[in-house]
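**Student:** Here it is, the structure, as structure tokens.
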Amino acid sequence: MYPNPYAAPYYYGQPYGYGQPYAGPMPPSTNGLAIASLICSIGSFVVLPGIAAVLGVIFGHFALGQIRASQGREEGRGMAIAGVILGYANLALCVLIVALVFLIVAVARQQPGFQPQ
């Protein structure tokens, strides 16, 4: 009697034959610079206003370039964009505050009775 040619093959001792079964493609990983960009940009509102914002913008632009070049192997584009936007917003806020301080000092010097120290 011959075995059924359409039946599932029987492997002696190993359910998947020799070696391991194919696991499929790896899921895309998150870009580390995108995470760093978002962390620096959020931290720029709390810890180091100017320096961390510049780092967040730089990391964000590098991350966007790496994500674009990875052809789908890396993700995190939204985090990188958020890091860039928050970084630029913090830099604009810092420039606005510095300009406001200079304006206040200039107006104070124009007032009568102002005596420079």
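**Student:** Multiply the residue separation of VAL105 and ALA92 by 0.36 nm, subtract the distance between their alpha-carbon atoms, and state the gained length in nm to one decimal. All intermediate terms of the calculation are to be shown ahead of the outcome.
**Tutor:** Working: separation 13, 0.36 × 13 = 4.68 nm, distance 2.01 nm.
Result for the pair: 2.7 nm of gain on full extension.
**Student:** If you scale each eigenvalue of the Cα gyration tensor by 5 and take the root, what three semi-axes come out for region 29-109, rounded to whole angstrom and sorted largest first?
**Tutor:** 33, 10, 7
**Student:** Follow-up. Once fully extended, how much extra length lies between ILE35 and ILE51, figured as 0.36 nm per residue of separation less the alpha-carbon to alpha-carbon distance?
**Tutor:** Using 0.36 nm per residue and subtracting the Cα-Cα distance, I get 4.1 nm.
**Student:** Using amide H atoms built in the peptide plane, which far-off residues or other-chain residues are under 5 Å from THR30 H to H?
**Tutor:** Result for THR30 returns GLU75.
**Student:** Additional query: Between PHE45 and residues 5 or more places away or on another chain, which pairs have amide H atoms under 5 Å apart, with H built 1.01 Å from N, and which residues are they?
**Tutor:** So PHE45 has HN proximity to no qualifying residue.
Laboratory data are not the source of any read-out in this text; all were calculated from the coordinates shown. The shown structure was predicted, so the numbers you read here are calculated from the model rather than taken from an experiment.
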